[in-house]
Amino acid sequence: MPEKDFSSVLKKPRLVVRNFLARPQHEGVGAIVRRSIGRFELKYFDPFLVLDEFSVTAPAGFPDHPHRGFETVTYMLQGAVTHEDFEGHKGTIGAGDLQWMTAGRGILHSEMPAAQGTQKGLQLWINLSSSHKMIEPKYQEMLSKDISEASKDGITVRVIAGEALGTKSPIYTRTPTMYLDFTLKPGAHLQQPIPTSWNAFVYVLEGEGTFGSPKALPVTAHHLLLLGISGDGLETWNKSSKTLRFILVGGEPLGEPITQFGPFVMNSQEEIDQAIEDFENCVNGFEKARHWSSGDSLN
C-alpha cells in the first residue's frame, strides 16, 4: 500500500485568531507562572480554564490547596515536583512525566519542588461537564519513558492525549481532549488534524514557528495562539535555523454555564457556595481534610 501523502492531510488549515504573550506573575507561595489561559484577557476557553507555564525553586511551591469540579494536567519540562494529597496518594513527577488528576468532588493536595534548582513545567486545567463534576477523584500517571512518541520528516511528537502521526495515547479524557508536544527540526512542515467542532490552541515552548499560514509572522516562546474554529487542523512551518517546540491542545467545548471561585469550578453560584461550605466543614468529599496536612505544608 502506498504511503499516505502527508502534505495533503488538511483541506482547510485553521488560522490564528488571537495571540498572547504570557508574562510572568506570582502564584502559590513564591512560585512564578506565565499564565495564558485564565487571565483577564482570556478567562475561559471552553473547556480550558487555566494554562500555566510554571517555574519554582525551593522553598517556594504550591502548598496545601483544594480543587473541585475539573481536572489538572501536570507535564514536567525540567526538574521534578512532589505531589501529595489527603487520600495518601504521593509521588514525584519528574522531567517528561505526566500526571492527569481528576479532582471531581474534591481533592486537597500540595505540589512542591522535589529537587535542587529550578523546576519547570506546564499545568492545564480542564473543565468537567456537570455530570462529571462530583465524581470520585482519580489519577492517571505516566513516566516519561512510557509516553507514546512518533517521528516523521523532521517532526517528533509526544502524544499526551489523543492521536498524532498514527500514534495514540492511552490516557482517558472525560472531556474529549488532545494534548500533543511537537518538536520540529529546521525546515520541517507539519499538518495535524483537529476535530472540527473542538476549540484548540498552541503554546510555544522554544524556538520560533509560523502557524496557520506560510505568510504569518513567526511566533516565539511563551506565546499562546488561539486557533479559529473554521478548519480541520493546524499547519506549521519551522523556517528558522533552530528547533521549534510547542504544544497543541484541543478539546470539545462543554457549552455549559460556568462559575468559578479560585480552585472551585461549578455551574452556578449556589454550587460554589456549597463547595466552600463543604470544604470549610470537611464534608461531601472533603472529610479527610479535617486532620490532614502535607509533609510540605507551610502552615
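The values are calculated or read from the model by the stated rules, or taken from the named source; none is laboratory data. What you see is a predicted model; the values in this text were computed from it and never measured. For neighbour counting, all protein chains shown are included, and Cβ atoms are generated from backbone atoms with ideal geometry for every residue, glycine included. Please note that ligands, DNA and RNA were not included when accessible areas were found on the heavy atoms of the full protein model with its side chains. Shrake-Rupley method; radii C 1.70, N 1.55, O 1.52, S 1.80 Å.
For the stretch 230-246, which residues satisfy the criterion of being on the phi < 0 side of the Ramachandran plot and open to solvent by 10 Å² or more (accessible area, probe 1.4 Å)?
S230, D232, E235, W237, K239, S240, S241, K242, T243, R245
Please verify whether the stretch 227-239 includes one or more residues that are under 23 Å from K152 (Cβ atoms) and under 17 Å from the mean Cα position of the chain (by Cα).
yes
Suppose we keep only residues that are of a type in the set (F, W, Y) and assigned to a strand (DSSP E or B) within the stretch 30-79. Which one would you say is farthest from H132 (Cα to Cα)?
F54
I'd like to know if the stretch 86-103 contains one or more residues that are of a type in the set (D, E), open to solvent by less than 30 Å² (accessible area, probe 1.4 Å) and touching a Leu at 6+ places or on another chain (Cβ under 9 Å).
yes
Given the structure, is F279 touching a helix residue (DSSP H, G or I) at 6+ places or on another chain (Cβ under 6 Å) and not polar (S, T, N, Q)?
no
Checking the structure you have, find out if any residue of the stretch 62-81 is of a type in the set (S, T, Y), free of Cβ contacts under 8 Å to residues at least 24 places away in the same chain and surrounded by fewer than 21 Cβ atoms within 10 Å (Cβ to Cβ).
Checked the stretch 62-81: no residue is of a type in the set (S, T, Y), free of Cβ contacts under 8 Å to residues at least 24 places away in the same chain and surrounded by fewer than 21 Cβ atoms within 10 Å (Cβ to Cβ).
Out of all the residues in the stretch 135-152, which are in contact with a strand residue (DSSP E or B) (Cβ under 8 Å, 6 or more places away or on another chain) and part of a loop (DSSP other than H, G, I, E, B)?
Within the stretch 135-152, I135, P137, L143, I147 meet the criteria.
Kindly indicate which of S144, S148 is open to solvent by 10 Å² or more (accessible area, probe 1.4 Å), touching a Gly at 6+ places or on another chain (Cβ under 6 Å) and among the small types (G, A, S).
Every option except S144 fails the conditions.
One line per residue, one yes/no per condition, for (1) modelled with pLDDT of 95 or more; (2) among the charged types (D, E, K, R):
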position: E235; (1), (2): yes, yes
position: K239; (1), (2): yes, yes
position: L248; (1), (2): yes, no
position: T259; (1), (2): yes, no
position: R290; (1), (2): no, yes
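Being touching a strand residue (DSSP E or B) at 6+ places or on another chain (Cβ under 6 Å) and either open to solvent by less than 10 Å² (accessible area, probe 1.4 Å) or among the charged types (D, E, K, R) (or both) is the filter here, so list the residues in the stretch 247-257 that pass it.
Across the stretch 247-257, the qualifying residues are I247, L248, V249, G250, G251.
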